[in-house]
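Coordinate-derived values only; no laboratory data. Everything numeric in this text was worked out from a predicted model, so none of it was measured. Don't worry about glycine lacking a Cβ; one is built from the backbone with ideal geometry, like all the others, and counts go over all protein chains shown.
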Amino acid sequence: MTASGKRHTRLTALGTAMALAVVTLAGTAPGHAQPEPTDTATAEVTAPGREYLVGRGIADATGEIAEVGMMGYGRLDQQAEGLHNRLRARSFVIVDAATDERVLLVVVDSPMIFSSVHQEVLARLADDYGDLYTEQNVLLTATHTHSGPGGYSHHLLYNLTTLGYHEKTFDAIADGIVESVHRAHDDLAPSTLRLTHAHLTGASANRSEEAFARNPEAERAFFPDAVDPQTTLLRIERRGEAVGAINWFPTHNTSMSGDNRLISSDNKGYAAYHWERRVEGVDYLDDTTPGFVAAFAQTNAGDMSPNLDLTPPSTPEDRHRTREIGLRQYEAAAGQLDDPGTRLRGGLDAATVYIDLSDVTVRPEFTSDSREHRTCDPAVGAAMAAGSAEDGPAFPLFAEGDNPLLDAVSDTILYEVSPELRQCQAPKGVAVPIGAMNELYPWVAETVPVQLVRIGSLYLVAIPGEVTIAAGLRLRQTVAEAVGADVRDVLVAGYSNGYVHYVTTPEEYDAQHYEGGSTLFGRWELDAFRQTAHDLATAMRDGETPPAGTAPPDLSDRQLTLQPGVVLDTPPLGGKFGDVLAQPRSAYLPGERVTTVFAGAHPGNDLHRGGTYLEVQRLVEGGWQRVADDGDWSTMLRWKRRGVSASEVTVSWEVPADAPEGTYRVRYHGDARSLSGVVREFTGTSGEFRVVTSGR
């Protein structure tokens, strides 16, 4: 253990001891059964049997916002041109006060959590905290926004549309996650955890219902509308008041279309933003207190689309639809605050194992035909190349379902080259035998983590992929049966700790829709995950420690970077950086959009992580007060190159309905790079304008 790790371990032990002393002085030692207190603020302060220390933290994890490929839709043309709102990492440390056992849950506004990020975060946490936070008890999960910057994977398949690896974005994501963990660790305090469930419809639709209909009748009856409507809330209370929450609900974070060019946290990000900033008044630029932290995490969202008409949105509609789906998730989550639910008590546990997903022997009790089967080398199906027509198609030469010409060619070639792969992947029409390509260069991950976390009666099955609702139900039932839990209290935490694309049932796989074509390791991939989850669950039930297996290699020294960085910024001819090229009007009504154009510089010179590129300010008692920044939903920053090295930056602000009348202005904070590489800050300020409630 490092000296830093030893120091933090001692400090944590001291903090836990002090918290325990406070609880003991309140009337009892933790770990002893006590009567349930009444739900009043006074009772919570002196409540006997307070069992948890919980810490909350939030930090900026945005990455590059210009001239970087966006991640999710797989489109070469989707290059970022600015910022809609910042991406956040939200961390929750939960400690069993009786044993000092702990788990760390991190929800990141990010397309995926790749193994690259998982490894880096764990290494930094080891440097900072020794063995307090490891791969065993740290769960990193992504919201799966398709409007985040890419280029942060160590596997080539995911860096193709970003022209290689982007170190600045990788560092911003890792920095943001670790910073949020630091804040959560420092925020540890006696807290109560309550678990509730509700139903939410009108926020998801099954984009692959034909494949879903192939599943057994019992599973179709469990989801009669072909959607998973369960919305689960784990809320954190101090002194009888909610101070944080984690919500799990399955819907794709694809309300913003592939035509969008602004970095955005999409619908789950809006839900968190609305609860934190609009309802609770959290100031993201003030890191002195975490305030209220609300995370909206994914579960088994593989076939769940937020586009209820199963049509990809057009860009002019994006933000309206994004806000609406986000608001519905918020309302369903916040509506559970009045439900006392289940007060969780003690019993934290976590375990992680690494499996080589290309070489798992699946035992008969986990296969639909009760025979032993094996997974195989990963292969991309033609349906994967086609993309999901409901959320955003990819390559036009491919289709979901049958691709007769490609299937015939694929079968012929594989029959000669690898009949085993052909048999294992059938009926998939293999477009790319990507496992064979892995032998030359790392294209996709094959060794992946599978994790099980227990918080009282809540179980989280962390899977590094996109799990359909029927596949998720099988995983949940497998764990629930092993540990004797209510299936409602077992959740699949998809998009966690790594990424291997989709996980479908064998029946859905046979349909070879987008999800089945993206199930890389063959027809028995889900059953390999079920078998692993079962073994984790039984070991946890029996108090045993399963062998962790071999972690994947560190690939950080094998990265390709093809896109050059910023070389030079120049102001417009005859002007200077920060000049206002287009002033706002003199007056605006609520609901109108204020627009100002500045002579700017490339945003990649300084990502302003933890800060802002822009401010909207109001004149209050002779001084300027910030009322909005680039973390707000109401603002947008759009960057455009002019000529070779000049930049034009457009800052806009939609005046909120509740904006008070008064005098306002817009400020833009930029950073310009000279030919010698020196970067200098500058600021541009618009002319003043009035916000009025009526007239002009």
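How would the stretch 548-605 be classified by its alpha-carbon gyration tensor: rounded, prolate or oblate, with rounded meaning a/c under 1.5 and the a/b versus b/c comparison settling the rest?
oblate
Percentage of Cα-Cα pair distances in the stretch 580-691 greater than 20 Å, rounded to whole percent?
It works out to 39 percent of all Cα pairs.
Note the full-extension length gain between ARG371 and ARG641 as 0.36 nm times their separation in residues minus their Cα-Cα distance, in nm to one decimal.
91.2 nm
Is the stretch 158-291 best put as rounded, prolate or oblate by its Cα gyration tensor, with a ≥ b ≥ c the root eigenvalues, rounded for a/c under 1.5, and otherwise prolate when a/b is larger than b/c, oblate when not?
Oblate, since a/c reaches 1.5 and b/c is not below a/b.
Report the label-to-label distance for ASP77 and GLU324 in nanometres (one decimal), using points 7 Å from each Cα along the Cα→Cβ vector.
Spacing of the two 7 Å Cα→Cβ label points: 2.6 nm.
Within 12 Å, Cβ to Cβ, of ALA184, how many net charges do the neighbouring residues add up to if Lys/Arg are +1 and Asp/Glu are -1?
Once positives and negatives cancel, what remains is +1.
Name the residue farthest towards the positive end of the dipole of the chain from the options TYR514, GLY575, HIS182, assuming +1 on Cβ of Lys and Arg, -1 on Cβ of Asp and Glu, about the Cα centre.
GLY575
Using amide H atoms built in the peptide plane, which far-off residues or other-chain residues are under 5 Å from THR570 H to H?
ALA646, SER647
For the stretch 580-691, what relative contact order do you get, as a whole percent, if you take Cα pairs closer than 8 Å and at least 6 residues apart?
Across the stretch 580-691, relative contact order equals 35 percent.
May I ask you to derive the relative contact order of the stretch 231-387, considering only C-alpha pairs under 8 Å and at least 6 residues apart, and to give it as an integer percent?
Taking the mean separation of contacting Cα pairs over the length of the stretch 231-387, I get 25 percent.
Quick one: net charge of ALA294's neighbours, Cβ under 13 Å, K/R +1, D/E -1?
Local charge sum for ALA294: +3.
What is the distance in Å between the Cα centres of the stretch 138-162 and the stretch 339-354?
28
Dipole size in debye (nearest 20) for the stretch 267-364 around its Cα centre, Lys and Arg Cβ +1, Asp and Glu Cβ -1?
My answer is approximately 180 debye.
What ³J(HN,Hα) values, in whole Hz, does the Karplus curve 6.51 cos²θ - 1.76 cosθ + 1.60 give for the stretch 166-172 when θ = phi - 60°, with x put for Gly and Pro?
10, 5, 4, 5, 4, 5, 5
For a quick size check, give me the Cα extents of the stretch 204-255 along its three principal axes, largest first, whole Å.
49, 28, 11
State the extension gain, in nm to one decimal, for the chain segment bounded by ASP131 and ASP259, taking 0.36 nm per residue of separation less the distance between their alpha-carbons.
So the chain would gain 41.7 nm between ASP131 and ASP259.
What FRET efficiency, computed as 1/(1 + (r/R0)^6) with R0 = 35 Å and r the Cβ-Cβ distance, is obtained for ASP186 and ARG278, rounded to the nearest 0.05?
It comes to 0.85.
Working out 0.36 nm times the residue gap between GLU209 and ALA221, then minus their Cα-Cα distance, what length gain in nm do you get to one decimal?
Result: 3.0 nm gained on full extension.
Compute, for the stretch 580-691, the length of the dipole vector about the Cα centre, with Cβ point charges of +1 (Lys, Arg) and -1 (Asp, Glu) only. Units Debye, rounded to 20.
In total the dipole reaches around 480 debye.
So what's the net charge close to GLU167: Lys and Arg +1, Asp and Glu -1, counting the other residues with Cβ under 13 Å from its Cβ?
That works out to -4.
Of the listed values (i) 34.6; (ii) 26.1; (iii) 38.8, grab the one calculated as Kirkwood radius over Cα pairs in Å from the structure here.
Label of the calculated value: (ii).
In terms of modelled amide H atoms, which long-range or inter-chain residues lie less than 5 Å from the amide H of GLY148?
For GLY148, whose amide H was placed from the backbone, the distant partners under 5 Å are MET71, SER264.
Using alpha-carbon pairs under 8 Å, 6+ residues apart, how would you state the relative contact order of the chain in percent?
Normalised by residue count, the contact order of the chain is 14 percent.
Can you list residues from other chains, or at least 5 along the same chain, whose modelled amide H is less than 5 Å from the amide H of THR519?
Amide H neighbours of THR519: TYR502.
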